[in-house]
1. Relative contact order for chain B: what is it in percent, counting Cα pairs under 8 Å that are at least 6 residues apart?
2. Say the dipole of the range B:33-88 comes from +1 at the beta carbon of Lys and Arg and -1 at that of Asp and Glu; which of B:43, B:74, B:57 then lies farthest toward its positive end?
3. Find me the longest stretch of chain A that has none of the exposed GluC sites (Glu not before Pro), where exposed means in a DSSP loop (not H, G, I, E or B) with at most 13 other Cβ atoms within 10 Å.
4. Through the Karplus equation 6.51 cos²θ - 1.76 cosθ + 1.60, θ set to phi - 60°, convert the phi angles of the range B:56-64 into ³J(HN,Hα) values in whole Hz; use x for Gly and Pro.
5. For residue B:9, enumerate residues with amide H under 5 Å from its amide H, sequence gap 5+ or separate chain, H modeled in the peptide plane.
6. Treat every Asp and Glu Cβ in the protein assembly as shown as -1 and every Lys and Arg Cβ as +1, leave all other atoms uncharged, and give the resulting dipole magnitude about the Cα centre to the nearest 20 debye.
7. Which is the longest stretch in chain A that no exposed loop site breaks, taking sites as trypsin sites (Lys or Arg not before Pro) with a DSSP loop state and at most 12 other Cβ atoms within 10 Å?
8. Going by C-beta contacts inside 10 Å, put A:29, A:71 in order with the fewest on the left.
Amino acid sequence: DSGVTQTPKHLITATGQRVTLRCSPRSGDLSVYWYQQSLDQGLQFLIQYYNGEERAKGNILERFSAQQFPDLHSELNLSSLELGDSALYFCASSGIAGAQETQYFGPGTRLLVL
Amino acid sequence: GNSVTQMEGPVTLSEEAFLTINCTYTATGYPSLFWYVQYPGEGLQLLLKATKADDKGSNKGFEATYRKETTSFHLEKGSVQVSDSAVYFCALQNSGGSNYKLTFGKGTLLTVNP
């Protein structure tokens with residue numbers, strides 16, 4: 001158990017809908033990362049937050065957004081969902097946002113868009 | 001940009017066989033290197049890491065050495081067990097700037113038969 005929790009574990013929804021994925025980092029960790037794992041793209045970085053502020057963006061679509069709250073949990077919002085958004089979404093946390101910092105991953109949320 | 005190339009799987013071995021999974025990378029500066037493992041239906045777990053050239057990471061009988069001259073971080077284990085069956089991901093992390101995202105290889109599926 002990494003100490004990172006994600007809810008829900010599974011999510012099934014329809015095209016055009018909006019969903020929210022939630023992540024609670026390890027106790028004391030300030031930095032949260034979101035990654036998407038799909039069969040065709042592999043594991044890709046989406047976005048990073050540090051202590052409530054957006055720190056870096058990767059291949060995140062404009063239909064997707066995220067935030068980190070004062071209690072340090074983070075939410076990833078996916079809207080106008082398309083079939084191709086079906087994937088496993090991971091959250092990871094680290095103590096600070098520095099080089100050599102290990103990122104600890106949650107169990108993931110499996111999203112299926114029908 | 002950064003990239004990681006790891007050997008395509010799947011790899012199928014008998015118990016107690018020797019394992020090597022090749023990983024090479026392209027990056028600027030001096031990245032940190034990681035091996036993560038994903039067991040069926042679970043999230044990513046850190047297996048080992050190395051943060052500078054010639055460092056050797058090791059854990060649970062697995063080893064990998066950070067070779068800057070060949071830009072490689074090959075994973076090895078002397079005697080695999082059935083319980084090692086999983087997907088293995090090589091990853092690198094920037095050493096500078098403000099984005100400490102992980103860049104992953106495509107993963108190598110290992111199956112160990114009794």
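Derivation of every value follows stated rules applied to the coordinates shown; laboratory data play no part. Not measured: the values here are computed from a predicted model. Here Cβ is always computed from backbone atoms with ideal geometry, including for glycine, and neighbour counts include all displayed protein chains.
1. Contact order relative to length: 36 percent.
2. B:57
3. Answer - A:1-61.
4. Residue by residue, the range B:56-64 yields 10, x, 8, 5, 6, x, 8, 9, 8 Hz.
5. Amide H neighbours of residue B:9: B:109.
6. It works out to roughly 220 debye.
7. The longest such stretch corresponds to A:19-114.
8. With the fewest neighbours first, A:29, A:71 line up as A:71, A:29.
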